[in-house]
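Participant: Here it is, the structure, as structure tokens.
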Amino acid sequence: MSVASIITIIVSAILTDNIVLSKTLGICPLLGTSKKTDSAVGMGLAVTFVITVSSVVCYGLFKLLALWDIVYLQTIVFILVIASLVQLLDIVLKRFSPTLYNSLGIYLALITTNCAVLGSANMVVDMGYNLLETFIFGFFTGIGFTMVLILMSGIRERLSRAHIPAPFVGFPIALIIAGILAMAFSGFSGFAF
Amino acid sequence: MDIKKLKETALGGILNNPVFVLVLGMCPTIGMSTNVTNALGLGLATAFVLVFSNVFVSLLRKVIPDKVRLPSYIIIIATFVTLVQLFLAKFLPSLNASIGRFIPLIVVNCIILGRAEAFASKNSVGYSALDGLSMGLGFTCSLVILGGIRMLLIAAGFSVFSTAAGGFITLGLLMALFNFIMLLYRNHVKAGLLKGGEAL
């Protein structure tokens, strides 16, 4: 366990292997919540929390499943963990931050069906990370997601005042912006570690 | 059997196309449409899960309490996804190697939970199965179209289309084309009405 490998995980989670722009996971919330910067930040932080905790919990549970030799239950167990975490977050936010709760609205419940969360839990298992690496990977994957969401929302706020050809209004233009962002991010893959 | 409802349900995959109209299930659409084989494999796997989850949700719709319906639906879906996973690993190992990463993610594909919630929980088994089939095939078709276009562009030498960026841009352009055709169609209908002719 060296510092270099941790830095590699951080840089690849945020920049080179960004969960949205390079692994194409979590596109629904990217299109849905990136219209305003406020909700983008809120959504990003909520997802970061869920990804971090669920990666760590799923890591532990996977060890148990491997111990009992029932690894085929992985998908069912992971999705249950994620669904309960989101429910917990829902209760906590409703109690302590009603403004954020209201601004996230339906998208809070939709974190359950955000494939970035289940995707990163699966990736942790595939890559064979240890506990510390899992925590760092989960947290910085969430940060990478938040960053892309904020970038998108900034661009879309400006675009809302621009003239867009009728067929492109809404999702098509958002997808094309995401494509251009993804091209920009693929430039980071030149980093060698 | 209500013919009108039957027709509406059967055409749902086109008129309410999951990818181009409802904009659901974007992640596998962009991630797995680099070629036609992957697109077809993932589309059919999704369609299988969609049909069976719809059937079971519909069968159990009077048994499942309203408060715990979403977790119950997710468990039903996850069960069928696990079946697909085991089947692919055993019988189609080469396909599994290329699309295996996205198979567990069918659980969180919004189309499946969306149809369970919006359709199967309110309709009888027959309609739900038909809806699952129609939506599943609609999804498969969009995936295959996207995969075909990207494959052609990659073969023509635009290697950028094999990356995520190319996927975003192709889907964005296709969706704009779809919107454009719908706009033309609506204007056509409107023009027909103004002339006093019959609406299409």
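Participant: For chain B, what % of the accessible area comes from carbon and sulfur atoms, probe 1.4 Å?
Facilitator: Carbon-and-sulfur percentage of accessible area, whole number: 72.
Participant: Please list A:Tyr129, B:Tyr185 from largest to smallest accessible area, probe radius 1.4 Å, with all protein chains kept in place.
Facilitator: B:Tyr185, A:Tyr129
Participant: Angle check, please: helix A:171-186 long axis (alpha carbons) against the longest principal axis of chain A (alpha carbons), in degrees 0 to 90, nearest 10.
Facilitator: With both axes taken from Cα atoms, the answer is about 60 degrees.
Participant: Under 23 Å between alpha carbons, and skipping anything fewer than 8 positions from B:Lys90 in its own chain: which lysines qualify?
Facilitator: B:Lys90 reaches no qualifying lysines.
Participant: Report, in order of residue number, the helices in chain B meeting two criteria: a C-alpha extent of 20 Å or more along the helix axis, and a mean Kyte-Doolittle hydropathy of at least -1.0; treat each whole DSSP H run as one helix.
Facilitator: B:36-59, B:69-91, B:125-155, B:164-194
Participant: Can you give the average number of partner chain beta-carbon atoms within 10 Å of each beta-carbon in peptide B:65-75, as a whole number?
Facilitator: 2
Participant: Please compute, for peptide B:104-116, the average count of beta-carbon atoms on other protein chains lying within 10 Å of each residue's beta-carbon.
Facilitator: Neighbouring Cβ atoms belonging to other protein chains average 5 per residue here.
Participant: Relative to the first principal axis of the alpha-carbon coordinates of chain A, what is the inclination of helix A:74-96, with its axis defined by its Cα atoms, in degrees from 0 to 90 and to the nearest 10?
Facilitator: Compared with the principal axis, the helix lies near 60 degrees.
Participant: Given labels modelled 7 Å from the Cα in the Cβ direction, how far is it in nm from A:Ser97 to A:Lys35?
Facilitator: Placing both labels 7 Å along Cα→Cβ, they lie 2.1 nm apart.
Participant: How shielded is B:30-37 by partner chains, expressed as the average number of their Cβ atoms within 10 Å of its Cβ atoms?
Facilitator: Mean partner-chain Cβ count within 10 Å for B:30-37: 2.
Participant: Angle, helix A:37-68 long axis vs. longest principal axis of chain A, Cα atoms, 0 to 90°, nearest 10?
Facilitator: So the helix axis and the longest Cα principal axis differ by about 20 degrees.
Participant: Aspartates and glutamates within cross-link reach of A:Lys23: Cα-Cα under 17 Å, excluding same-chain residues under 8 positions apart?
Facilitator: Once the sequence-local aspartates and glutamates are set aside, what remains near A:Lys23 is A:Asp126.
Participant: Give the interface area between chains A and B as buried accessible surface, both sides summed, probe 1.4 Å, in Å² to the nearest 100.
Facilitator: 2900
Participant: Here is a follow-up. For region B:42-103, what relative contact order do you get, as a whole percent, if you take Cα pairs closer than 8 Å and at least 6 residues apart?
Facilitator: Averaging sequence separation for qualifying contacts and normalising by length gives 44 percent for region B:42-103.
Participant: Let me know the shape class of chain B, please: from the alpha-carbon gyration tensor, a ≥ b ≥ c as square roots of the eigenvalues, rounded when a/c is under 1.5, otherwise prolate if a/b is greater than b/c, or oblate.
Facilitator: Cα axes put chain B in the oblate bin.
Participant: Rounded to the nearest Å, what's the spacing between the alpha carbon centres of region A:142-193 and region B:126-158? Just the number, please.
Facilitator: 25
Participant: Please tell me the relative contact order of chain B in percent, rounded to the nearest whole number, where contacts are Cα pairs under 8 Å and at least six residues apart.
Facilitator: Once divided by the residue count of chain B, the mean separation gives 35 percent.
Participant: Cα-Cα over 30 Å: which of A:Lys35/B:Lys122; A:Lys35/A:Lys94; B:Lys7/B:Lys190?
Facilitator: Cα-Cα > 30 Å for A:Lys35/B:Lys122; rest within.
Participant: Given a Förster distance of 35 angstrom, what is the FRET efficiency for A:Ala66 paired with A:Ala4, based on the Cβ-Cβ distance and rounded to 0.05?
Facilitator: 0.80
Participant: By per-residue mean of other Cβ atoms within 10 Å, what is the highest-first order of A:63-75, A:28-40?
Facilitator: Per-residue Cβ counts within 10 Å, averaged per peptide and sorted highest first, yield A:28-40, A:63-75.
Participant: State whether chain A is rounded, prolate or oblate according to the following rule on the C-alpha gyration tensor (a ≥ b ≥ c being the square roots of its eigenvalues): a/c under 1.5 gives rounded; otherwise a/b larger than b/c gives prolate, and the remaining case gives oblate.
Facilitator: The shape class here is oblate.
The values are calculated or read from the model by the stated rules, or taken from the named source; none is laboratory data. None of the values given here were measured: they were computed from a predicted structure. Cβ atoms come from the backbone with ideal geometry, glycine included; neighbour counts cover every protein chain shown. Each accessible area value is taken on the protein alone, full model and side chains, heavy atoms only, with ligands, DNA and RNA left out. Shrake-Rupley method; radii C 1.70, N 1.55, O 1.52, S 1.80 Å.
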